[in-house]
Ligand SMILES: Nc1ncnc2c1ncn2[C@@H]1O[C@H](COP(=O)(O)OP(=O)(O)OP(=O)(O)O)[C@@H](O)[C@H]1O
Ligand SMILES: [Mg+2]
């Protein structure tokens, strides 16, 4: 479904990704782990079109989407919950969810998806009229995830969805990822919580200073000594 | 007491003009973090557009309210288009560059409109056609002209319209989302280039309405008329908290009232200095402005 072919991404003079190749198949959950600054978020931004690789190609459902504007890729079925949540603090919870469905027309479908999101995260329902900026960090994280689902994506990118969440809510997030997978949506996940993430994934990639150093089935990645040492604290 | 009410009415009608123009500064700042210095000149172009439309309709000889509405709407439409063109040709090409580059570009566009305006329209002031005959009503000893009444009423209608667009429509919500976080707005599927162009159109249309109403009241227009008014409206936007829509409305009213009040005292020669004194004070005491705290709604 998604293929990165040898992409190089720069921020000005900073060379953030060096020849990253990666594949996500239809229906899979794939986790990307790596130290701070390894280039995980950069990889996701390159997929969404927020960044354009200087070299290499991004393929989505067989089409070359390199260089296509981010807002157009949403229409093709790519959605992201960005790092640091990125909720619109000046909009209400409801308006944030509406923005997630910006390109959709069918009001009944939107309403039913909104209901689903609010059932998933009942906290949001209680705060539906509140400005998103007044939510707690964890509530904002739930909102970011619910909002990303409002476009009914084929491919959902999640950048550290469990960051700063209480253990119970973390479980909700991972259970939600299982649900999303069950509905046929493909997920590319970036997580610091490598152990939990790999448990809920089919495959994993490890990034180090802008390059993939390891890839494989989730269980194999989790069992790799380097990963155990560096990311699982053993 | 009568004098007080007189000053309040004069101040409100002047303040409404500043508020209308300040809205354009503040909205563009909201989505682009750009001080659009050419905005005051769009107000001037609004007055000129109104002048040509009104003359083409021969409204000086046959004044009519309907005609005045057509002139105002026409001028608003023309300036909306001019605003979009300015954004497209001048600001979008430098958007990825530093903010200093955008700022210098804005000053350049402003100078181009002011001096280009003198070439095209000549520097001589022109008399704006009296498309509505001037009348003065007296309430007790308080005098109010139909023009200042018109300015207050029309401004209130336009501001309510703007509030409606920004809070109740899809494009308005997209504007607020874009102003909060441009790249996340893109991730929602929002065409942020369109939203930015729409913001310029909206702000320029409000400035055009202000230009026509001032031209009708004064009634003299010239290519440099946007310079001082634009600067004062900019101060109003900073005072209210740049980026904040209610702040721009409030800031405009405050500057208008203060200026009128000073104008009625023996310090009246300093009336133009008021705005700049306020600017210095705001920057010293509260640079974020009255409503520009993080809690304020930014657009
Ligand atoms: N906007 C930016 N401008 C310049 N450099 C950047 C920018 N964003 C990221 N970088 C650099 O690119 C590299 C990769 O950053 P990235 O955000 O992708 O890391 P990450 O793997 O997501 O890290 P983290 O786990 O801390 O989120 C880092 O060296 C970072 O300093
Ligand atoms: Mg990151």
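A compact table of results
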{"quantity": "Point-to-point label distance, residue B:168-residue B:145, nm (Cα→Cβ direction, 7 Å offset)", "calculated": "3.3 nm"}
{"quantity": "Nearest 10 degrees, 0 to 90: helix B:65-86 Cα axis against chain B principal axis", "calculated": "30 degrees"}
{"quantity": "Quotient of Cα Rg and 2.2 N^0.38 Å for the protein assembly as shown, N being how many residues it contains", "calculated": "1.15"}
{"quantity": "Degrees, to the nearest 10: A:107-120 long Cα axis against longest axis of chain A", "calculated": "70 degrees"}
{"quantity": "Over region A:1-56 - Rg/Rh using Cα atoms and the Kirkwood inverse-distance radius", "calculated": "0.96"}
{"quantity": "Where the Cα pairs of region B:45-106 fall when distances are cut into 10 Å bins, in %", "calculated": "22, 34, 20, 16, 8, 0"}
{"quantity": "Cα gyration tensor shape for region A:1-123, rounded if a/c is under 1.5, else prolate or oblate", "calculated": "prolate"}
{"quantity": "Ranked B:79, A:170, criterion: other C-beta atoms within 10 Å, fewest first", "calculated": "A:170, B:79"}
{"quantity": "Region A:49-87 and region B:1-59: distance between their alpha carbon centers, rounded to Å", "calculated": "41 Å"}
{"quantity": "Rounded to 5, the percent of DSSP beta bridges in the protein assembly as shown classed as antiparallel", "calculated": "60 percent"}
{"quantity": "Descending principal axes extents, region B:74-185, alpha-carbon based, whole Å", "calculated": "57, 42, 25"}
{"quantity": "For region B:103-126 and region B:158-183, distance of Cα centres in Å", "calculated": "30 Å"}
{"quantity": "Convex hull of region B:168-299 built on C-alpha atoms - directionally averaged projected area, nm²", "calculated": "9.8 nm²"}
{"quantity": "Spatial separation of Cα centroids for region B:203-251 and region A:106-165, in angstrom", "calculated": "40 Å"}
{"quantity": "Cα-based Rg / Dmax (Å) for region A:88-152", "calculated": "10.6, 31"}
{"quantity": "Of every Cα-Cα pair in chain B, the percent that sits beyond 26 Å", "calculated": "43 percent"}
{"quantity": "Using alpha carbons only: equivalent-ellipsoid semi-axes of region A:112-192, gyration tensor based, whole Å", "calculated": "19, 15, 11"}
{"quantity": "Binned Cα-Cα distances of region B:1-105, short to long, each 5 Å bin given as a whole percent", "calculated": "2, 11, 16, 17, 15, 14, 11, 8, 4, 2, 1"}
{"quantity": "Whole-number percent relative contact order across chain B, with pairs defined as alpha carbons under 8 Å at least 6 apart", "calculated": "36 percent"}
{"quantity": "Sequence-separation-based contact order of chain A, relative, with Cα cut under 8 Å and 6+ spacing, percent", "calculated": "27 percent"}
{"quantity": "Chain A - Rg and Dmax from Cα coordinates, angstrom", "calculated": "17.1, 50"}
{"quantity": "Three-way shape call for region A:132-179 based on the alpha-carbon gyration tensor, with the a/c threshold at 1.5", "calculated": "oblate"}
{"quantity": "Footprinting exposure proxy for A:15, A:200 (fewest neighbouring C-beta atoms within 10 Å first)", "calculated": "A:15, A:200"}
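Here, each number is a calculation from the coordinates, and none is a lab measurement. Since we're looking at a predicted model, the values are computed, not measured. Don't worry about glycine lacking a Cβ; one is built from the backbone with ideal geometry, like all the others, and counts go over all protein chains shown.
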